[in-house]
1. Looking at B:26, B:22, which one is more than 24 Å from residue B:178 (Cα to Cα), away from ligand 1 (no atom under 11 Å from the Cβ) and surrounded by 16 or more Cβ atoms within 10 Å (Cβ to Cβ)?
2. Only one of (1) under 30 Å from residue B:205 (Cβ atoms); (2) of a type in the set (D, E, K, R); (3) in contact (Cβ under 8 Å) with a residue 40 or more places away in the chain; (4) within 11 Å of chain A (Cβ to nearest Cβ) is not met by residue B:130, so which one is it?
3. Mind checking which residues of region B:269-306 are farther than 22 Å from residue B:233 by Cα, surrounded by 13 or more Cβ atoms within 10 Å (Cβ to Cβ) and more than 29 Å from the chain's Cα centre (by Cα)?
4. Considering only residues that are touching a residue at least 40 places away in the same chain (Cβ under 8 Å), more than 14 Å from chain A (Cβ to nearest Cβ) and of a type outside the set (Lys, Arg), which ones fall in region B:40-72?
5. Out of the residues in region B:307-351 that are acidic (Asp, Glu) and closer than 19 Å to residue B:267 by Cα, which is modelled with the lowest pLDDT?
6. Where residues in region B:175-203 are within 16 Å of ligand 2 (Cβ to nearest atom) and within 22 Å of residue B:21 (Cα to Cα), which of them is farthest from the other protein chains (Cβ to nearest Cβ)?
7. Say whether the condition of being part of a helix (DSSP H, G or I), at pLDDT below 90 and either within 16 Å of ligand 1 (Cβ to nearest atom) or within 29 Å of residue B:48 (Cα to Cα) (or both) is met by at least one residue in region B:126-138.
8. Please go through region B:44-60 and give me each residue that is crowded, with 17+ Cβ neighbours inside 10 Å, more than 16 Å from residue A:206 (Cα to Cα) and more than 11 Å from ligand 1 (Cβ to nearest atom), ordered by number.
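The values are calculated or read from the model by the stated rules, or taken from the named source; none is laboratory data. These numbers come from a predicted model, not from an experiment. Cβ sites come from the backbone with ideal geometry, for glycine too, and all protein chains shown count toward neighbours.
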Amino acid sequence: MGAGDRPLTPRMEKRVTFKGWLLPLCLIAPQVIISAVFFFYPAGQAVWQSLFIPDPFGLSSQFVGLENFEYLLGDPYYRASFITTAIFSTLVTLAAMIPALFLAVMADRLVKSAGVYRTLLIWPYAVAPAVAGVLWLFMFNTRVGVVAWYLGQLGYDWNHVLNEGEAMGLVVVASAWGRISYNFLFFFAALQAVPRSIIEAAAIDGARFWRRFFTIVLPLLSPTTFFLLVVNIVYAFFETFGVIHTITSGGPQQATTILVYKVFSDGFVGQDLGSSAAQSVILLVVVGLLTVLQFKYIEKRVHY
Amino acid sequence: MATVELDNIKKRFGPTEVIKGVSVDVEDGEFIVIVGPSGCGKSTLLRMVAGLETITEGELRIGGTRANDLEPMDRDIAMVFQNYALYPHMSVAQNMGYGLRIAGLPKAEIAAKVQGAAKLLQLAELLDRKPKQLSGGQRQRVAMGRAIVREPKVFLFDEPLSNLDAKLRVQMRLEIRELQAKLGITALYVTHDQVEAMTMADRMIVMNEGIAEQIGTPLDVYERPASLFAAQFIGSPSMNVVRAEGRDGALHVGDMGLPNPTGVSGPVMLGLRPEHLVPDAQGPITMQVMLTEPLGANTLLHGKLPDGSAFTASLSGVHRVGHGGEALRLSVAAEHMHLFDATSGARMDGD
Ligand SMILES: Nc1ncnc2c1ncn2[C@@H]1O[C@H](COP(=O)(O)OP(=O)(O)OP(=O)(O)O)[C@@H](O)[C@H]1O
Ligand SMILES: [Mg+2]
């Protein structure tokens, strides 16, 4: 076979072309249907419902236009929940990523038993968030919790049921704990992918371990870091519901009521479906904006 | 600028000994090429000098002081890697200036040195590019630039040209050599290419399975190979080696009788470089030519001796010898006959 048998495209992309439209349609159908059923339909419903106020008995509802939104934006509790969410998601993201990176760096330094550490460090990820919540709740339970008891012995009176800061701390730790495993895996894989010779070149250039870490390794990890940043923020926003519900139920005094939890408590507990729906819509917009911002401003810098 | 002394250096990875005791004194400003086949331990030896591998046994001295336990950053060396190992997130200028920045030099001074090196290596136009926007040859230059801006005591090169095409390789070979001579910095250069070794080295270390078979100038190694391995590794096409026996004042190869200048007796290995053979109707060597390769300036004849061993001759000029097993008489000057011990492979003429 000669070299000229097939024309080489300048960029060797694998591109498949279909003749008809039926097969491609079938291939994308599952994705489209799932998105439609579980995303577009509920999102549409939320937008629709956010324009109504149901009567106290839930028998009828009245069209109110944007009144729900107007009310929300003027509501100090709702604005407080925004701040809570910002603090909570920042803390969760940091608490989930920094220890993970540190552990990954340490495991990467090991020559021999890195595999063992890796396996052990993955385990927390297998624990469901709500279960993790219960676990941490038991440890910090004001009456029977092990950690709370030890803190008491040290003269510290732990009470996350009353103390807002402690409540926030506990839900942050409980939320971040399992994520450390997840982040660790990504950081570890990324570290292993950093070419040895680049590290060696930096060592010969005179950089010691931590200097190398900050000037060479960390920049090379930035695509992974960025990816994890997005994923962890989304996690902190949406997937920490179970943890908060089991540990604090949003309390004390709404101190741990993040936006998602407020959607739940106003909608299902308070039965204010219109407001709840409006909150969902706002949440959707906020996360959408955040993601767009992240991609627009950070992504450009992380690819070298 | 410094001497590098290796004193019976050994390296073991677990139970396997990869470097089995190498000693060499490299003089200040000398260009040493470490050459040998794949897996013989060249990189390992170089990496021990760099401090990237620990030295299992023996002593390494750089500039007269023991360096065994120094970290790479404390040895004042620079290394050019086979894959260049450029920092992908830094521009060319940042790559070259990294070591100086770590050393804490003022910005202006770094910029000046980088500019100087860039001019020397014709990189001035490319200083703002990232490594991935460069061609292989340009990356190679950046790696060189990164090594020279620091003005280290010793340069280490691990097959820096093996990713380049043949023409660029020849050009870069010269450039590296010129640059090193101009800067006067001691260099250790690893390659598996014997042409590179011959053309670049002040002295070369021919390595085989963790042993330095011979240390000497290229011409030394070519003219007086210390072992069968060195004899066959250096020179292209490689030396013919045939079994011979010294008996009755002659050297017998099969039933051919060659002169026996040193008067050895008993079985030996006889080495004859293809280019030292000359056609001679009365010559003692009879070769059956199976294949000719006319290269223009010379002609390679491949075939075999009457005893069946493969044999190659390289004759100057054009020779129209038939392919089909035509016999050709050859002779060789006595000073071009290399004798090696039949068991150890060591060179025999003891003078
Ligand atoms: N980290 C290591 N652990 C175990 N064995 C190793 C290690 N590094 C190298 N070796 C072995 O040491 C020997 C020499 O390796 P080295 O890389 O020095 O060879 P080389 O001469 O540079 O070969 P090449 O020309 O292919 O680069 C090889 O047999 C290799 O398998
Ligand atoms: Mg090598």
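1. Only one candidate qualifies: B:22.
2. For residue B:130, the exception is condition (1).
3. B:279, B:280, B:283, B:284, B:285, B:286, B:287, B:288, B:289, B:290, B:306
4. Matches in region B:40-72: B:40, B:41, B:45, B:55, B:56, B:57, B:58, B:59, B:60, B:63, B:64.
5. Top of the filtered list is B:349.
6. Among them, the one singled out is B:197.
7. Yes.
8. Answer for region B:44-60, where residues must be crowded, with 17+ Cβ neighbours inside 10 Å, more than 16 Å from residue A:206 (Cα to Cα) and more than 11 Å from ligand 1 (Cβ to nearest atom): B:55, B:58, B:60.
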